[in-house]
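The values are calculated or read from the model by the stated rules, or taken from the named source; none is laboratory data. Just so it is clear, the structure is predicted and the values come from calculations on it, not from any experiment. Glycine also receives a Cβ, built like all others from the backbone with ideal geometry; neighbour counts cover every protein chain displayed. SASA here: full protein model, heavy atoms, side chains in, ligands and nucleic acids out. Shrake-Rupley method; radii C 1.70, N 1.55, O 1.52, S 1.80 Å.
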Amino acid sequence: MSLTRLCALADLGPDKITRVEVEGRSPVALALADGGAVAFDDTCPHADESLSQGWVEDGRIVCAVHFAEFEIGSGKAHNAPIGCGRLRFYPTEIRDGAVHADLAD
Amino acid sequence: MCKAGRPDMKPAYPQAGSYPQFADLVDTERSQVDRKVFHDEAIYQAELRQIFGRAWLFLAHESQIPGAGDFVRTKMGEDDVIVVRQRDGKIGAFLNSCPHRGNRVCMVDAGKKARGFICNYHGWSFGIDGRLVGTDGKVYDTDPDFEKHAITLTPVAQVASYKGLVFGTFDPNAPSLADWFGPFTWYLDVMLDNDPEGTEFIGGCIRSEIECNWKFPAENFVGDILHAYWTHQSGAQAILGGGVDLGPQYDERAFQASIYGHGIETNLDKTGNTKTLGYPELVDYVFSQYDKAKDRLGETRARMVGAISSCTVFPNFSFLPGQATFRVWQPKGPNKIELYTWTLVNKSMPEHIKELYRRGTMMTFSPGGVFEMDDGENWEYCTKANEGWVTRHQPLHYALGISSKIDAPDLPGHIHRGSLNDANQRYFYTRWAEFMRFDNWSDLMTAETAPPAKAAPGVAAE
Ligand code: FES
Ligand code: FES
Ligand SMILES: [Fe+2]
């Protein structure tokens, strides 16, 4: 597996979602949850808004735009508008104080 | 429009003007008020601009929205607003109108834990902080000229709390809420601070419509206890088993106080208002709390807690100490109001006492309540009759107690002896005229209704 460095762990904060631009693909979002960093697509599967405007609540990522909720890990959508797909999560690893993720298809 | 430039989406707060011709309708020399102020459409529009566009208006009790995203909808004048607790614990208030085509973004009266407000028309979505968070990324984000960050629900210019009560003003230049009250807080504390744990609203908001001008109920609560003897006689007999009597407690141990048009009339009989709720247990409870209240507020104010008393905070927020009913007379044109009422109790009260207050206010001051019905009918006929073409040219009499002003160094504000008095109503209309006349706050805060300087208003004198 190939890891991409996304940002310093110290850049993440509780209760916020951080958006990271990645060369050659759509942006990735990072949040602190379950005692570590989780990585997922920043683009909401509902209507392409940025999930970095949202927040983490009870084990779910909440989209601030139409309030879809995505289970951390599985990405399964709850309370979502019609036509909203699953959110894709990526495996992460901390190396030298930085968050890395496997963004392979 | 066809030039298609970029929009300026900055919130706009309308400026006040000056209407001396309307201000002159209050004749302080003769203690008279012109009947036109109760039905004229142009005067009503001027009130929306001069008064409701500038004054601090009651929005909510903090207890209604304890958690982030909790909200209530209310009115400021005729403007619909959302009052919502922010994630940082502060309270925000916004016009309930989408900056796209103006549709309301919130349809319900109250709710818990809102994540935002989505407009039903084209789906613009606003955070609880009022900012536009998104539209539909698939459309607007592909328009390079769309400036999402510049768009927000219009914030109420200032929002502030006083001991649990939340107020807002559309005027960014309005003085602070504390300055707006001045020493009138000394009287508000009778209800808001007679117990260390503070107060809360219970049981939701009851709404009803009355076809009257908003100033009739406001002047009634600011200082008209006189009407109770006649208007509420039969209702009081039914509840109390005896009539309203205008004994010496309305004269010797009673007064009216006015500051910036806010006013309270009260006697010092400890439980007169509470009695009319019809539950002897409540009266016993108020008596049992007297010593504690006296330690906190001193004797005079402790005696006011359950007493026959009524109060209006200018322009349209009123309450009855003792009966615990709090209300806003929301204007809906010159001859209609929507009445919002709540019941306020101390947080520390036992549950069954709170419940008795809730039931008591419902039976007396609600659309099905004995006293509300008594009052509403009178205000409707006052409003309608004043409209008659010849009638509207006739004088009205606001002159009871014109020589009853006293110094009362221990009591803040303009004080008149005896609660059977038109004094506070005269000050209320004088304040109304000041708002019509002045376009700036320095004149407004130093005009005739401003409190007289007193050495040490308040507790020290007890
Ligand atoms: S864009 Fe996320 S829920 Fe609609
Ligand atoms: S009117 Fe609100 S989105 Fe169009
Ligand atoms: Fe009344």
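Among B:Ala293, B:Ala238, B:Ala324, B:Ala307, which is the only one that is buried (at least 21 other Cβ atoms within 10 Å of the Cβ) and more than 24 Å from the chain's Cα centre (by Cα)? It would help to see each step written out before you state the result.
Working: B:Ala238 fails: buried (at least 21 other Cβ atoms within 10 Å of the Cβ); B:Ala324 fails: more than 24 Å from the chain's Cα centre (by Cα); B:Ala307 fails: more than 24 Å from the chain's Cα centre (by Cα).
Matching residue, one of B:Ala293, B:Ala238, B:Ala324, B:Ala307: B:Ala293.
So for the stretch B:265-275 (the condition being open to solvent by 40 Å² or more (accessible area, probe 1.4 Å), of a type outside the set (Asp, Glu) and at positive phi), does at least one residue qualify?
So far as the stretch B:265-275 goes, yes, one or more of its residues are open to solvent by 40 Å² or more (accessible area, probe 1.4 Å), of a type outside the set (Asp, Glu) and at positive phi.
Could you please give the count of residues in the stretch B:117-168 that are among the basic types (Lys, Arg) and farther than 24 Å from B:Leu59 by Cα? Even if it seems obvious, please write down each step before you answer.
We begin by selecting, within the stretch B:117-168, every residue among the basic types (Lys, Arg); these are B:131, B:138, B:148, B:163.
Cutting the leftovers down to farther than 24 Å from B:Leu59 by Cα gives us B:138, B:148.
So the answer is 2.
Does the stretch A:68-105 hold any residues that are more than 16 Å from B:Arg115 (Cβ to Cβ) and in a strand (DSSP E or B), and which are they?
Initial filter on the stretch A:68-105 (more than 16 Å from B:Arg115 (Cβ to Cβ)): A:71-76, A:82-83, A:85-105.
Selection gives A:Glu71, A:Phe89, A:Tyr90, A:Thr92, A:Glu93, A:Ile94, A:Arg95, A:Ala98, A:Val99, A:His100, A:Ala101, A:Asp102.
Using beta carbons and a limit of 7 Å, which pairs, at least six apart or on different chains, have the first residue in the stretch A:40-68 and within 13 Å of A:Val28 (Cα to Cα) and the second one charged (D, E, K, R) and part of a strand (DSSP E or B)?
Matching pairs, first to second residue: A:Asp42/A:Arg19; A:Ser50/A:Arg19; A:Ser52/A:Arg19.
Is there a residue being touching a Ser or Thr at 6+ places or on another chain (Cβ under 6 Å) and farther than 11 Å from B:Arg437 by Cβ anywhere in the stretch B:42-51?
Kept after step one, since they are touching a Ser or Thr at 6+ places or on another chain (Cβ under 6 Å), are these residues of the stretch B:42-51: none.
No, the conditions are met nowhere in the stretch B:42-51.
Restricted to the stretch B:133-171, and to residues that are without any contact (Cβ under 8 Å) to a residue 40 or more places away in the chain and aromatic (Phe, Trp, Tyr), which residue is nearest to the other protein chains (Cβ to nearest Cβ)?
The residue in question is B:Tyr140.
Here are the criteria: (1) open to solvent by 10 Å² or more (accessible area, probe 1.4 Å); (2) over 22 Å from B:Pro315 (Cα atoms); (3) away from ligand 3 (no atom under 13 Å from the Cβ). Tell me which single one B:Cys205 does not satisfy.
With respect to (1) open to solvent by 10 Å² or more (accessible area, probe 1.4 Å); (2) over 22 Å from B:Pro315 (Cα atoms); (3) away from ligand 3 (no atom under 13 Å from the Cβ), B:Cys205 is out only on (2).
May I ask you to say which residue of B:Asp179, B:Asp189 is crowded, with 17+ Cβ neighbours inside 10 Å and assigned to a helix (DSSP H, G or I)?
B:Asp189
Could you identify the single residue in B:Glu29, B:Glu62 that is under 18 Å from the mean Cα position of the chain (by Cα) and not β-branched (Val, Ile, Thr)?
The match here is B:Glu62.
Which of the following residues is within 16 Å of ligand 3 (Cβ to nearest atom) and of a type in the set (Phe, Trp, Tyr): B:Trp124, B:Trp214?
Details: B:Trp124 fails: within 16 Å of ligand 3 (Cβ to nearest atom).
The match here is B:Trp214.
If you check B:Leu59 against the conditions, is it in contact (Cβ under 8 Å) with a residue 12 or more places away in the chain and either within 16 Å of ligand 3 (Cβ to nearest atom) or under 20 Å from A:Ser50 (Cα atoms) (or both)? Working first, answer last.
Details: in contact (Cβ under 8 Å) with a residue 12 or more places away in the chain: yes; either within 16 Å of ligand 3 (Cβ to nearest atom) or under 20 Å from A:Ser50 (Cα atoms) (or both): no.
Spelling it out, it is not the case that B:Leu59 is in contact (Cβ under 8 Å) with a residue 12 or more places away in the chain and either within 16 Å of ligand 3 (Cβ to nearest atom) or under 20 Å from A:Ser50 (Cα atoms) (or both).
Which residue, of B:Leu420, B:Leu411, is closer than 16 Å to B:Ser31 by Cβ and open to solvent by 20 Å² or more (accessible area, probe 1.4 Å)? Working first, answer last.
Values: B:Leu411 fails: closer than 16 Å to B:Ser31 by Cβ.
Answer to the check: B:Leu420.
Confirm whether B:Tyr162 is within 16 Å of ligand 2 (Cβ to nearest atom) and either touching a Leu at 6+ places or on another chain (Cβ under 9 Å) or within 13 Å of B:Cys98 (Cα to Cα) (or both). Steps first, answer last, please.
Numbers: within 16 Å of ligand 2 (Cβ to nearest atom): no; either touching a Leu at 6+ places or on another chain (Cβ under 9 Å) or within 13 Å of B:Cys98 (Cα to Cα) (or both): yes.
Here the answer is no, as B:Tyr162 does not meet what is asked.
For A:His66, work out the one condition from (1) within 14 Å of ligand 1 (Cβ to nearest atom); (2) within 10 Å of the chain's Cα centre (by Cα); (3) open to solvent by 30 Å² or more (accessible area, probe 1.4 Å) it doesn't fulfil.
Answer for A:His66: the failing condition is (2).
Quickly run through the stretch A:55-67 and pick out the residues that are of a type in the set (A, V, I, L, M) and part of a strand (DSSP E or B). Break it down into steps so the answer makes sense when it comes.
Of the stretch A:55-67, the ones of a type in the set (A, V, I, L, M) are A:56, A:61-62, A:64-65.
A:Val56, A:Ile61, A:Val62 - these are the residues of the stretch A:55-67 that are of a type in the set (A, V, I, L, M) and part of a strand (DSSP E or B).
Which residue is nearest to the other protein chains (Cβ to nearest Cβ), if the candidates are limited to the stretch B:110-132 and must be assigned to a loop (DSSP other than H, G, I, E, B) and in contact (Cβ under 8 Å) with a residue 24 or more places away in the chain?
The qualifying residue nearest to the other protein chains (Cβ to nearest Cβ) is B:Arg115.
Do you know which residues across the stretch A:25-45 are open to solvent by 40 Å² or more (accessible area, probe 1.4 Å) and within 9 Å of chain B (Cβ to nearest Cβ)?
Across the stretch A:25-45, the qualifying residue is only A:Thr43.
Do the conditions hold for B:Val390, that is, is it hydrophobic (A, V, I, L, M, F, W, C), farther than 24 Å from B:Asp251 by Cβ, in contact with a Ser or Thr (Cβ under 6 Å, 6 or more places away or on another chain) and away from ligand 2 (no atom under 16 Å from the Cβ)? Break it down into steps so the answer makes sense when it comes.
On the way: hydrophobic (A, V, I, L, M, F, W, C): yes; farther than 24 Å from B:Asp251 by Cβ: yes; in contact with a Ser or Thr (Cβ under 6 Å, 6 or more places away or on another chain): no; away from ligand 2 (no atom under 16 Å from the Cβ): yes.
Criteria not met by B:Val390.
With the structure loaded, tell me whether B:Ile259 is open to solvent by less than 30 Å² (accessible area, probe 1.4 Å), more than 16 Å from ligand 2 (Cβ to nearest atom) and touching a Pro at 6+ places or on another chain (Cβ under 6 Å) or whether it fails that test.
Values: open to solvent by less than 30 Å² (accessible area, probe 1.4 Å): yes; more than 16 Å from ligand 2 (Cβ to nearest atom): yes; touching a Pro at 6+ places or on another chain (Cβ under 6 Å): yes.
So B:Ile259 fits the description; yes.
Suppose we filter the stretch B:9-57 for residues that are surrounded by fewer than 17 Cβ atoms within 10 Å (Cβ to Cβ), among the small types (Gly, Ala, Ser) and either over 25 Å from B:Asp179 (Cβ atoms) or in contact with a Leu (Cβ under 9 Å, 6 or more places away or on another chain) (or both); how many remain?
1
Name, by its number, the condition in (1) in contact with a strand residue (DSSP E or B) (Cβ under 6 Å, 6 or more places away or on another chain); (2) more than 16 Å from B:Asn213 (Cα to Cα) that does not hold for B:Tyr429.
(2)
Is there any pair linking a residue in the stretch B:208-221 that is under 14 Å from B:Phe319 (Cα atoms) and within 14 Å of chain A (Cβ to nearest Cβ) to one that is within 16 Å of ligand 1 (Cβ to nearest atom) and among the aromatic types (Phe, Trp, Tyr), with Cβ under 7 Å and at least six apart or on different chains, and which?
none
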